[in-house]
1. Of the candidates D:63, D:96, D:120, which one comes out as most mobile in a Gaussian network treatment of chain D with C-alpha springs shorter than 10 Å?
2. Could you tell me which of rounded, prolate or oblate describes chain A, using a ≥ b ≥ c as the square roots of the eigenvalues of the alpha-carbon gyration tensor, with rounded for a/c under 1.5 and, failing that, prolate when a/b is larger than b/c and oblate otherwise?
3. Given H placed on each backbone N at 1.01 Å, which residues far from residue E:33 in sequence or on other chains put an amide H within less than 5 Å of it?
4. Could you tell me whether the protein assembly as shown comes out rounded, prolate or oblate from its Cα gyration tensor? Rule is a ≥ b ≥ c as square roots of the eigenvalues, rounded for a/c under 1.5, then prolate if a/b exceeds b/c, otherwise oblate.
5. Please list F:194, D:123 in order of solvent-accessible area, largest first, computed with a 1.4 Å probe with all protein chains present.
6. For residue E:147 and residue F:238, what is the calculated FRET efficiency with R₀ set at 56 Å and r taken between the beta-carbons, to the nearest 0.05?
7. Can you give the Rg and Dmax of segment C:19-72 based on its C-alpha atoms, in angstrom?
8. What residue among F:112, F:86, F:233 has the largest mean-square fluctuation in a Gaussian network model of chain F, using Cα springs under 10 Å?
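The values are calculated or read from the model by the stated rules, or taken from the named source; none is laboratory data. Please read these numbers as outputs of a predicted model, since none were measured by experiment. Virtual Cβ from ideal backbone geometry, glycine too; neighbours counted across all protein chains shown. SASA here: full protein model, heavy atoms, side chains in, ligands and nucleic acids out. Shrake-Rupley method; radii C 1.70, N 1.55, O 1.52, S 1.80 Å.
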Amino acid sequence: MTLRPMKRVEIVVDTLHLSRAIDRLRQAGCDGYTVLPNVAGYGDRGDQHADEVSGVSTNAYILIAAPADQAEAVLDAIRPMLQSYGGICLVSDCYWLEH
Amino acid sequence: MTLRPMKRVEIVVDTLHLSRAIDRLRQAGCDGYTVLPNVAGYGDRGDQHADEVSGVSTNAYILIAAPADQAEAVLDAIRPMLQSYGGICLVSDCYWLEH
Amino acid sequence: MTLRPMKRVEIVVDTLHLSRAIDRLRQAGCDGYTVLPNVAGYGDRGDQHADEVSGVSTNAYILIAAPADQAEAVLDAIRPMLQSYGGICLVSDCYWLEH
Amino acid sequence: MDPTVLTQNLLSPPILFFALGMLATWVRSDLMIPPAAAKALSIYLLLAIGFHGGAELHRSGLDGTVVLVLGVAALASAILPVLGYFVLRSRLGPADAAGIAACYGSVSAVTFITAISFLDRAEIAYSGYMIAAMALMESPAIITAIILVRIAHRDTGTATRNGSTWRTMIHEAMANGAILLLLGSLLIGYLSGEQGWETMKPLVKDPFQAILCLFLLDMGIVAARRIVDLRRFGAFLIAFSLVAPPVQAALGIIVAAMLGLSPGDALLLAVLFGSASYIAVPAALRLVLPKANPSLYVPMSLGLTFPLNITIGIPLYFAMIDWWWTP
Amino acid sequence: MDPTVLTQNLLSPPILFFALGMLATWVRSDLMIPPAAAKALSIYLLLAIGFHGGAELHRSGLDGTVVLVLGVAALASAILPVLGYFVLRSRLGPADAAGIAACYGSVSAVTFITAISFLDRAEIAYSGYMIAAMALMESPAIITAIILVRIAHRDTGTATRNGSTWRTMIHEAMANGAILLLLGSLLIGYLSGEQGWETMKPLVKDPFQAILCLFLLDMGIVAARRIVDLRRFGAFLIAFSLVAPPVQAALGIIVAAMLGLSPGDALLLAVLFGSASYIAVPAALRLVLPKANPSLYVPMSLGLTFPLNITIGIPLYFAMIDWWWTP
Amino acid sequence: MDPTVLTQNLLSPPILFFALGMLATWVRSDLMIPPAAAKALSIYLLLAIGFHGGAELHRSGLDGTVVLVLGVAALASAILPVLGYFVLRSRLGPADAAGIAACYGSVSAVTFITAISFLDRAEIAYSGYMIAAMALMESPAIITAIILVRIAHRDTGTATRNGSTWRTMIHEAMANGAILLLLGSLLIGYLSGEQGWETMKPLVKDPFQAILCLFLLDMGIVAARRIVDLRRFGAFLIAFSLVAPPVQAALGIIVAAMLGLSPGDALLLAVLFGSASYIAVPAALRLVLPKANPSLYVPMSLGLTFPLNITIGIPLYFAMIDWWWTP
Ligand SMILES: Nc1ncnc2c1ncn2[C@@H]1O[C@H](COP(=O)(O)O)[C@@H](O)[C@H]1O
Ligand SMILES: Nc1ncnc2c1ncn2[C@@H]1O[C@H](COP(=O)(O)O)[C@@H](O)[C@H]1O
Ligand SMILES: Nc1ncnc2c1ncn2[C@@H]1O[C@H](COP(=O)(O)O)[C@@H](O)[C@H]1O
Ligand code: NA
Ligand code: NA
Ligand code: NA
C-alpha cells in the first residue's frame, strides 16, 4: 500500500463563479477535483444563506488533491478571483492512496 | 503569496441543532464558517439516514478555518453540545491563502 | 479538553457504489463516518456531472475519523474498489475532540 | 366488521404505494425519493389539508362545539402520555418512557391525512376544525413528558436540561414549521373564502390523493428502513407499538360519542388519539429531553404504529364507529 | 382608490402565503422550502407565464404596437437607472449607486407574475407580448450601470473589470437561464398553437395561482431573512426602496397611457417600471461590478421593494390606472 | 412519409422544450433543473405510465397475445446485443463492444414515454401491457453482454468480476428502482381499478404531457453536455449511434407485424427495439462490467440516439407502420 504525499486544497467561492473557477483550475493543470455546488456559509461578505434561486447567496466548495507544484499553480490561478469576488482557500497536507 | 497557518475545525451535529451550534460559534468569536445542512452518517447513536423531513435523522457539517486561539474558543463553545446531543468535532492544521 | 490524535480518511466513489463501500467500511471495523451522497467532480474517468438520475455520473463523498489501525483497515478495504471502479482516497492527520 | 372496508383500504392506491415503498427497501432496491422532494411533498400535504379545512370552516361557520372539541383534543394530548408513561415505566427508565409516551400522546399528521383520504374516497363528510384539533394535539404531550421526567428526578434534576427548557419548549411548539404551516393555511383558507378556494382547488384538492400516494411511497421506503432497528427490541416495546394505538383509538371513539361527533369526525378523533408522532415530537424531544433514546421512539412510531394505523387501523376504527353510530 | 381592491389583494391567497412565510422567519420557525424545490417552482413559473404568453400571442397575432411597446420597454430599462443613479450618488459611491440603480431599472419576474395573477383573479385581459417586454427589460439596466461607473472612474478605470467585461456581460444577458427559459417558453407557446395549449393547460394554467402561493410562501421566508440586514441601513436607502417603486410605476403608467395600452397591459408596464430585480441583476452585478456591495442592493429590492409592490403597490397602481382609463 | 407527421412532432411542446434545453447548454446558459427535482420528475413519469398501463389492463383484461408479446420482447432484448456486439467488435475490445451492445439491446424509458405522448397527441390507442414489455426488456441485454465478454475471455476470465457477478446482476435487475416502480405502479393501477383511476387521474393523466415537457427540458440540458464528449469519437461510433436505432426499430416493426399488433403497439415495440438505455444499463454495467468505458456508451445513447429517436425516429417509425398497416 503506497501513500503518496500531496497537498489538499479547499476553495469556497460563490456558486455564480463556480464555472469560472473550474475553468481556471483546469488551465492551471489541475487534473482532479470534487465539487459541492450548494453550500451555505458566513464570512467577510456576510451570510450566504443558500436559500434562493439566483446563486448570489450560495457558495460552492471545491476539494483538490494535487502534488505540491500543481497545488501552487492552483493557488496562483484562484487568488485573483478571491481578491475580486471574495471566498476562501485553505491548504493542508494529505496522503493519496495509490491504487 | 502568503500562507497563514490556521486551525481547521470540522463539526458534525444534528441538523436540528444547527442553528444553536451557529449561535454558539458566533458568540465564541468565530468570524467565518461553511455549512452543509444535510449530510448522512453513522456513529455512536446509530444511522443518520438523512432521508426524512424532521431533521431528527439528518446531520449538518460545519467547516471553520480559524487562528489557534479562536479555534480553541470554538471547541469550548461546541463541546457541551456534543456532550448533550452527540456529534463530533475534528481539528487539524491548514494554511489560509491571504488575498 | 482532550484532543486525541486520529487519522482522517476521505473517500470519493461513484454514488452507485456507495452502499457497497459502506458495507466494506463496516466490515473493516469502522464505527463512524459522514456521507455526502451527491457531489460532482472530475478525475481520470472524466466529468462526473451530478446532473442525472442514474447515479452513473454522480459521486459520493465519505469522511471517516479513525484511530491509525482502524484507518489502515479502512484503506485495505477500500482499495480494491478504487482499483475496479475508480475514485480516490486521501489520508491526513487530525485531532478528535473528546466529549 | 365488514371485511370489504378492510380490503378496499388495503387495495387503495395510497396503501399499495406505501407497500411498494416497503418492498423496495426489503429487496434492497435503489428506489428513493430525493429528501428535498419528500420535504416539498410534505409541505404540500400540510398546506393542502390546512387550506381545505379553512375553506370548509368558512362554509360551515364556527359553532359552539368547535371550542369544546378543540379543548378536549388538547387535553387528551396532555393526559394520554400519563397512561403510556406508567405502562412503559415497568420496563424502561423515566426518560425513555416519557419520550415514547410523548410520541403516542401526540399525533401523526400523515396518518391523519391518510384518514382524510379514506373519508374522501368513501365520500364521508368531516369538519374543517378537526385540522385545528390536530395542530393543537402536537405539543401538550411534550410538556407532560417533561413534567413526568421532572417528577421522577425530583431529587437529582439532571435528566432534563434546566433553565432554558421551558423557553425552548414553548418556542419549539410555537415555531414548529409543520404546525405553523398547518394553522397558517387553515387561517388563509378561512380568510380567502370561496374565491380563494376556486383558485387553490386545482392544486390542493384535485391531485391531493395522488400526491399522497407519492408521499406514502417515500414513507414506505423510510418506514421499512426503521423496522430494521426493531430487531434489537424486546417483545414488550413491539407489543406496546401494536396495542397502544387501538386502545387509544378506542378511547378516542368513546370521547367522540360523548361529544356527539359525526362518524367522519369520530374517525379523525380516533386517529388523532391512536397515532404516534415521528416528526414534530422527536424533533422537540431531541432538544428538551436528549436523554431519551431516539432509536427507541422513532422506530416504534414510524416502523410499527404508522403502518399498522394506515393499513388496518383506519378501517378497523371506522368499522367500530359504523357499528356504534348506526342506530 | 377603491379600498376593496386593496383589501381583496391583501386577503388573496398569494399575499397571505407570502405573509405566512415572513411570519415563519420572524418567530424563528424551522419552516423552509428546500432550495431545490424553490428552484423547481421558479422554473415552473417562468415556463408557465412564458408559454401562456406565447399561446396568447398565437391567438391575438402580432400587431404594429408590439414592436413599439417592446422598444419602449427596453429603452426604459436603459434610462431608469440614470435617474436612480443621480439620486443615489448624493449619499453613495459610484459602484454602489450604479448597482442599486441597475436593480431598480430592471424588473422582478415574481412581482410581474404576481401582477398577472392579480389580473387573472380580476378577470382583466393582458397581452402575451408583455412577457417579452419583461424579458427585454432585464438586461439594459446593467449596461447603463456599467457605463455610469465607467464615466465616474474615467481617470482610474479600476471600478469595473476591464477587457472581458463587455463580452462577459453580453454573454450573461444572453445566457441568463431565467430569460432564456422565459423567451424559449414564449416561442414554444407561440409555435405549438392551440393543440399545444390544450396539452400544457393542466399544468401551466389550472394550478398556476396555487403554485405561485407555494413559491410566495418561500419568498416570504427568504425576504424576511433579508430584512434583518436592513437594520444597518440609514433612512435614505430605506426611503429610496419605498419611494422609487411608486414613482417609477407612475412613470410607467404615463408611458402606458401615451402608448394607448389596455388597463391590464398598463398595470404590467407599471409593475415592470416599479419593480426591482433581485435575481438576474444581482447575479450579473457580482460578475461585472463586483465592487458594488450586494448586501445593499439585495435587501433593498428583496426585503422592501418586493413586499411593498406585491401587497400595496399592485392594487395602488391598478387604482391609478382605473381612475385614469375610466372615461 | 407524410411530412406533416414529422413537422407536427418537431413542433410539439415536448420536442421543443428538449431543443430549448440543448440550446441552453450550447449558449453556456446557467439554466438547470436541480437534480433532486429531475429525479422527482422521473419518478413521477415512471409511476404515471405504470399506473396508466395497469388501469388500461384492468379495463381490457389480459388476453392470449399478452404472454406472447412479453416473451418476444424479453427474448429480443437478449438477442439484439449479439448483433450489435459483432458489428462493434470490428473496432472495439470485447468489454466496450459488449457494454454498448447491452445499452442498445435494452430500452430507454424516456424515449418510450415520449412515444406514448406522441400516441396520446395523435389519439392512437396502445395496450397497457406494452409497459410491462418495456420493464422486461431492461435486463436481458445485460446478461447477454456478460456472456459475450465471458466467451471472449474464456481463457483469462479477467474482464468481468467473477463469483459474485451473477448474484449481483440478478439482484440489480430485480432491485433496480426504475423497474420496481414501473412494475409496482402497473400492478397497483391494475389492482385499484376504476375507482383508483379516478383518484389518480388528476395527477397521472391530466398534466402528464406537460410534466414530460419539463423533464425533457432537463434531458436536453443533460444530453447536450454529453454530446461534447463525442468530439473524441471516430466516425464509426457516431455512425453506429445513428444507424442502429432505425435498423433495430425496423426489426421491431417486422416482429410487430408478425405478432399482429395494433399500430400504436407496433410503434411502441419499434421504439423499444430502437432505443438505447442510458440509465438502468449504464448503472448495472458499472457494477458488473467495470472494464467497459462509460464515456463511450453514455454519450452514444444519451447524446445521439436519444435525441435522434425522439425528434425524427418516432415519426419515421410511425410513418413506416402507417404505410405497412394501411390496407
Ligand atoms: N473562516 C472561515 N472558515 C470557513 N469558511 C469560511 C471562512 N470564511 C469564509 N468562509 C466561507 O467563504 C465564503 C465567502 O467568504 P467571504 O468572501 O469572506 O464572505 C463564506 O460564505 C463561507 O462559506
Ligand atoms: N468516526 C467518525 N468519522 C466521521 N464521522 C463521524 C464519526 N463518528 C460520528 N460521525 C458523524 O457524527 C454523527 C453523529 O455522531 P454520533 O453522535 O456519534 O452518532 C454521525 O451520524 C456521523 O455523521
Ligand atoms: N485530484 C483530485 N482531487 C479531488 N478529487 C478528485 C481528484 N481526482 C479525482 N477526484 C474525485 O474522484 C472522482 C473519481 O475519480 P476518477 O476515478 O479518477 O475519475 C472524481 O469525479 C472526483 O470527484
Ligand atoms: Na396519539
Ligand atoms: Na424596474
Ligand atoms: Na433497444
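1. Result for chain D, Cα springs under 10 Å: D:63 fluctuates most.
2. In terms of gyration-tensor shape, prolate.
3. none
4. Rounded.
5. The most accessible residue leads, giving D:123, F:194.
6. 0.75
7. My reading of the Cα-based Rg and Dmax gives 13.3, 38 Å.
8. Greatest mean-square fluctuation among the candidates belongs to F:233.
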